[in-house]
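The values are calculated or read from the model by the stated rules, or taken from the named source; none is laboratory data. Everything numeric in this text was worked out from a predicted model, so none of it was measured. No Cβ is skipped: glycine too gets one built from the backbone with ideal geometry, and neighbour counts run over all protein chains shown.
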Amino acid sequence: MNLQFVLNGKPWRVECEAQETLAEVLRNTLNLNGTKVSCEVQVCGACTVLVDGAPVSACTYLAYEARGKNVTTIEGLEKPDGTLDPLQQAFIDEFAFQCGFCTPGMIMSAKALLDENPAPTRAEIIHYMDGNICRCTGYVPIVAAIQRAAQAMGKETKK
Amino acid sequence: MSAEKKPDFHVVNHAVPRRDARVKVTGKAQYVADLKLIGMAYAKVLRSPYAHAKILSIDASRATAHPGVYCVVTGNDLEGLNPYYGHAVKDHPLLAIDKVRYAGEAVAAVVAVDERTAFEALELIDVKYEELNAVFTPQEAMAEDAPLLHEKQFEAGALRGFEGEVTAGKGSNICQKHHIKWGNVEEAFKNAAAVVEGDYYFPMTYAYAMEAYVAIADVTDQGVNIYSSAQHPFMVRHDLKSVFNLPVSKVRLIVPFVGGGYGSKSYTKIEPLVAACSWKAKRPVKLQLTVEEAMLTTRSDDAYTWMRTAVDANGKIIARQAKIFMNTGAYAENSPLVVEKSTNRCVGPYAIPNVLIENCSLYTNTVPASSYRGFGCAQVTLPGESQIDELAAKIGKDPYEFRLANAAKPGEEFFPGMRPFDGTLKQDLDTAARAIGWNTPLAKGHGRGVACSGSDAGAYPLTSTVVRVHADGSVTIMTGSTELGQGSHTVLPQIAAEELGVDFDKVNVVSSDTAITPYDRSTGASRTTTLMGSAVLEASREAIQQMVVMAADVLKVKVEDIQTVRGGVRCGEAQLNWSEVISKFYALPDGEVIGRSYIRKSGRFSALPVFWEAAATGVEISVDQETGKITMEKLATVGDVGLAINPALAEGQDIGAATMGMGIGLFEELIYEGSQLVNGSILDYRLPRFSDLPKEVELHLVQNQDGVGPYGAKGGGEASLNSMAANIANAVDRATGVRIRHAPLTPEKVWRALKDKNIQGSKV
Amino acid sequence: MMPLRRFAMHQPKSVAEASQMLAEFGEKGRLYAGGTELLLAMKHDLLRYEHLIDVKTIPGLNKIELKNGTLNIGGAATHRAIEHSPAVKENLPVLAQMENNVANVRVRASGTLGGNLCFAEPHSDPAALLLALGAKAHLQAKSVRRTVTIDKLITGSYETSLGADELLEGIEIPLAGKSQRAAYVKFQLKERPTLGLALVLDVDGDNIKKAKAVVGSVSPMPTESDKANGLLTGSRAQVEKQLLDAAGALAQAADPVDDLEGGADYKRHLIGVFLKRAFIKALA
């Protein structure tokens, strides 16, 4: 099928088949490898991308579903001038990753969270992020990074 | 090097941001899963449904004829290769030959134009099996009428790493035996003031590196080239050299970023299989396992331990005895070494005058077990640290005080013949106890534990490196150590930057390409900072020596007149930085100086272990008495790391390890029902999640510069895992009065224990 | 990756057309409403279909609306839409709260309530609460419509009473008004609930006039017990004394099974624990 959608702000048109997942189209067809595939059963969240702002598991979400929609992947967060998203910077500052394999999905989930709730409490962060697994960090620095990014974005808005 | 205290570090001992930070947060970091070669085909694996069966026939003709399939590889196609591999015991065929030994074993591989086509062809392969009796536990494997997994005898792998006899194929299912003994345990137990004794079980666990095993092989007449998610490329190289009967110079392993290892990616996994696929398909082939296939590839050894520990009337531990049976699964992998290490690690970091530990691992028809973070230590620290608390309770002592009284002291040779203890347990335990408020009142239903572990870490010291100083003053480190997330790409340049006096940002790392980077035995056993760190330090200094000679030549003075300063040299009024030295020496603003170093078992590395990896953890838990659910109220980690080259990374290793240990303490367990792994998916294998985060977490480092590594550093990153299951069990005992000796302490298990206690209580 | 086998996707424009497609494809076709369960089963090769029929392309099937004192939720409404719906949050907060705890945020964004009910995975949250709330399912085949209660829709583990060409159009939940007190509590260790307990009470001051307790996830389908419901009515003080007996009756009716989530005796015990917790929560 001919799939048309907006990817990281730019319109795209690709050929794909009904059974192809969004992760397959992103990684295999479009060579956008930032979206990682791990558990493949929608538990770990490594493949999280945003579709019309909502987080989905690209490993199980059919590419077909993205037709006509806005898809944001980790590659879409860095600004053209190289400025990082406040979340990306906060993940660096808080050492919120080690191997980095969960990181793109983790950041995308956190972005969906902060888009919905710009000042989440610790409990709200934990509840929202509970579907993203990190095997390296013990989550402590990730919570700190999300809190730091929320603060930074809050200051930015107030300016 | 411990005497060399340097309080005024410029780069080392600072929490500089990770070198790989930006590529990892932008999705640009490339893992093997992300790589493609021109003309690459894709493989998928057919796996055995049976735990133990003869392969009567394999007919791959329908699969081979499927459109898009290049070829099918089976155990019958391996003529010309040496299909058995294994660095410890060469017992593992790259595809099942004649029989299968566990449900999930690779039986055939389809190579096709894409993954989906390869997958579709799998069901077109007709395999006829004749099922055999199977064994799943060490007890079953030892039974007199037990079926044998391995009938033939195997040679020891060339890089076996220790001297125990290879028992596979000698008429039993024993994979490896090991024991340690000193003093006289029988006598000591007879004279003891108090003894505790019990049976403990440590479960099979799955490391869940989020990147599942993946490799790309390109086998041509030029040699074998492989991109792999392997932790130890040089060890894998050796197995492939043997499979293909090639000189090591013709086997190239390249490891880019690795998506988590935790021991599970140490040694050879799928590389021989994917290489055989490329060999037969005559093109590059990629094999990406799914996580569910990875769960059928490697796990930790589960361990059944009987242990007893005795004290004298003064509260001094006088004896410990244990018998351990480990379940190594269908193939030896690295389990023989796990057996040796878990035997040694039974002693804990305690000075015990009478010790007898006997350990035996058995082949069973289950997923092969191998290295797992902590390397056998967690398996035996569950009984070891449980018994410290049990014993303290029995003699009416505070378990924390009891530990302090018996812990190995700095410099004490508590393990005969091994390196004297190089940590400070008193400080570790003090710090952990203080962090969780050991002496403050406990709320009802809450319990606390403080525990520790000490591991003979560092593996075998054989490590080499090259540090290249370029004419513009920048530096390239060539290292065989793999960046698994632990931060070697950050720590190693910190050391080079410190020594050479250059900016951290100017030091780059090229890693883990066996054709380019000098030999490093492995990236495991917490050894990289200590061994590769030392190698980088020495290579940097060797480069400086060369540049001093070059500076003398440039300045036309004697070498003795050259004085080194940070980032360069001085001679009288003249001062040159490294860039100037090199550029003037070559009379061109280009060229380089190559600093080299190698580390072997000599000098300060002649005593083993390379270092004792020590850590303490503290926990406070609460128990929901109605459901049995444990909540982590507080967690403290204390890494006894000598000196943290990067404190943020060292703390990150500790909390990561402690969280894995917490998972094993609370819910992680691979479950077999009959011949099948029944929770072989992340849907049913419960991992620690955000909502398991302890309510309060404190991370501490003890830095006494007492390690053998650079500036007194030593390794970390495993030890905080080891004591966690015991610590949780001890805290549950304090909270509820029930002692649970089998991990994990699932809600149901805790509930049953509470119920049994209440029933027994009502009888009294 | 675990590739999905090849299939064709169909986009019906009406319920009747979808029903027609179901009839035409027979066992080779299945309705697709979000795929969070179906695609997993297909990836694991437990189910194979050559045709998927995307019910989300039917206009209006994702509606969430209040009508004549009932809350009507289309079969293709996502968990996330229900969780965030102002109509749900205002009129039936217990449903929004239950949805907020289904699986994880990504599953909720693509999974649908209709898909969940029709897949009839036994370890699942929504059915138990809907049964307790007295929800009805509107089913439609090509030309025939019928309405059933949830216990008549879900008939076993992965089993429903849906005819071969029938689909779930929507769910209708009666809104009982101010006298209703409801709670859904669950116990979950892994990805799916070990036990879910829904309790819906109709109260008048200190008197519980009507009660409906449903336990889910412990056995093939959500279960209630007339005896338990009876024991849960009366004065609050009296019901508190009867909670354990009510739990016993509910456990007997549910007849929990041993599985990876736990032993049957443990689940019977948990029914008591969570009935009490639901009771406290509902009346808080």
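A few comments on the model shown:
- So B:Ser266, is it of a type in the set (Ser, Thr, Tyr) and surrounded by fewer than 24 Cβ atoms within 10 Å (Cβ to Cβ): no
- Residue in the stretch A:23-43 that is more than 16 Å from the chain's Cα centre (by Cα), surrounded by fewer than 24 Cβ atoms within 10 Å (Cβ to Cβ) and of a type in the set (A, V, I, L, M, F, W, C) present: yes
Yes or no, residue by residue, for (1) within 12 Å of chain B (Cβ to nearest Cβ); (2) under 26 Å from C:Pro93 (Cβ atoms); (3) surrounded by fewer than 22 Cβ atoms within 10 Å (Cβ to Cβ); (4) modelled with pLDDT under 95:
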{"position": "C:Thr223", "(1), (2), (3), (4)": "no, yes, no, no"}
{"position": "C:Leu243", "(1), (2), (3), (4)": "no, yes, yes, no"}
{"position": "C:Gln252", "(1), (2), (3), (4)": "no, no, yes, no"}
{"position": "C:Pro256", "(1), (2), (3), (4)": "no, no, no, no"}
{"position": "C:Gly262", "(1), (2), (3), (4)": "yes, no, no, no"}
{"position": "C:Asp265", "(1), (2), (3), (4)": "yes, no, yes, no"}
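- Residue list for the stretch B:142-179, filter: over 23 Å from the mean Cα position of the chain (by Cα), among the aliphatic types (A, V, I, L, M) and closer than 21 Å to B:Ser342 by Cα: B:Met142, B:Ala168, B:Ile174
- Filter result for the condition that a residue is under 20 Å from B:Pro17 (Cα atoms) and either in contact (Cβ under 8 Å) with a residue 24 or more places away in the chain or not assigned by TED's automatic domain parsing to the domain that holds A:Cys136 (or both), over A:Asp52, A:Asp85, A:Asp81: A:Asp85
- Scan of the stretch A:108-128 for residues that are in contact (Cβ under 8 Å) with a residue 24 or more places away in the chain and in contact with a Phe, Trp or Tyr (Cβ under 6 Å, 6 or more places away or on another chain), ordered by number: A:Leu113
- Restricted to helices (runs of 4 or more DSSP H) entirely inside the stretch A:33-144, those with at least 3 residues that are of a type in the set (Gly, Ala, Ser) are A:103-116.
- Residues in the stretch A:31-64 that are among the β-branched types (Val, Ile, Thr) and over 24 Å from C:Arg192 (Cα atoms): A:Thr35, A:Val51.
- Of all the numbered requirements in (1) surrounded by 21 or more Cβ atoms within 10 Å (Cβ to Cβ); (2) in contact with a Ser or Thr (Cβ under 9 Å, 6 or more places away or on another chain); (3) within 9 Å of chain A (Cβ to nearest Cβ); (4) not hydrophobic (A, V, I, L, M, F, W, C), C:His44 misses one, and that requirement is (1).
- Strands (runs of 3 or more DSSP E) contained in the stretch C:14-118 and holding at least 2 residues in contact (Cβ under 8 Å) with a residue 24 or more places away in the chain, more than 27 Å from C:Ser217 (Cα to Cα) and not acidic (Asp, Glu): C:51-54
- Members of the stretch C:163-205 that are within 14 Å of chain B (Cβ to nearest Cβ), in contact with a strand residue (DSSP E or B) (Cβ under 9 Å, 6 or more places away or on another chain) and charged (D, E, K, R): C:Lys186
- With respect to the conditions (1) away from chain A (no Cβ under 14 Å); (2) surrounded by fewer than 18 Cβ atoms within 10 Å (Cβ to Cβ), B:Asn13 lacks only one, and its number is (2).
- Summed over the stretch A:1-32, the residues that are over 20 Å from C:Pro3 (Cβ atoms), away from chain B (no Cβ under 14 Å) and not in a loop (DSSP other than H, G, I, E, B) give a count of 8.
- So C:Gly156, is it away from chain B (no Cβ under 14 Å), small (Gly, Ala, Ser) and more than 26 Å from C:Glu261 (Cβ to Cβ): no
Okay, residues lined up against (1) of a type in the set (Phe, Trp, Tyr); (2) over 16 Å from the mean Cα position of the chain (by Cα); (3) under 26 Å from A:Val49 (Cα atoms); (4) surrounded by 24 or more Cβ atoms within 10 Å (Cβ to Cβ):
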site	(1), (2), (3), (4)
C:Lys67	no, yes, no, no
C:Ala77	no, no, yes, yes
C:Asn91	no, yes, no, no
C:Ala96	no, no, yes, no
C:Asn100	no, no, yes, no
C:Gly115	no, no, yes, yes
C:Cys118	no, no, no, yes
C:Ala127	no, no, no, yes
C:Leu139	no, no, no, yes
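- Given (1) of a type outside the set (Asp, Glu); (2) within 14 Å of the chain's Cα centre (by Cα); (3) within 7 Å of another protein chain (Cβ to nearest Cβ); (4) buried (at least 24 other Cβ atoms within 10 Å of the Cβ), number of the condition A:Thr137 does not satisfy: (2)
- Output for the stretch B:180-230, where each listed residue is within 32 Å of the chain's Cα centre (by Cα), in contact (Cβ under 8 Å) with a residue 40 or more places away in the chain and more than 27 Å from B:Val338 (Cβ to Cβ): B:Ile216, B:Ala217, B:Asp218, B:Val219, B:Val224, B:Tyr227
- Test: A:Glu75 is facing chain B (nearest Cβ under 10 Å), surrounded by fewer than 24 Cβ atoms within 10 Å (Cβ to Cβ) and closer than 16 Å to B:Asp34 by Cα: yes
- One residue from B:Leu677, B:Leu693 being farther than 29 Å from A:Ile125 by Cβ, within 14 Å of another protein chain (Cβ to nearest Cβ) and buried (at least 21 other Cβ atoms within 10 Å of the Cβ): B:Leu677
- Screening B:Lys28 on (1) closer than 26 Å to C:Asp45 by Cα; (2) in a loop (DSSP other than H, G, I, E, B); (3) within 14 Å of another protein chain (Cβ to nearest Cβ) shows it passes everything except condition (1).
- Taking the criterion of being of a type outside the set (A, V, I, L, M, F, W, C) and either outside any strand (DSSP E or B) or within 13 Å of chain C (Cβ to nearest Cβ) (or both), the residues of the stretch B:114-133 that qualify are B:Asp114, B:Glu115, B:Arg116, B:Thr117, B:Glu120, B:Glu123, B:Asn133.
- Among the residues making up the stretch B:459-512, a single one is assigned to a loop (DSSP other than H, G, I, E, B), of a type in the set (Ser, Thr, Tyr), touching a strand residue (DSSP E or B) at 6+ places or on another chain (Cβ under 8 Å) and over 25 Å from B:Gly652 (Cβ atoms): B:Ser474.
- Scan of the stretch C:188-242 for residues that are part of a strand (DSSP E or B) and within 25 Å of C:Ser161 (Cβ to Cβ), ordered by number: C:Leu195, C:Gly196, C:Leu197, C:Ala198, C:Val200, C:Lys212, C:Ala213, C:Val214, C:Val215, C:Gly216, C:Thr223, C:Glu224
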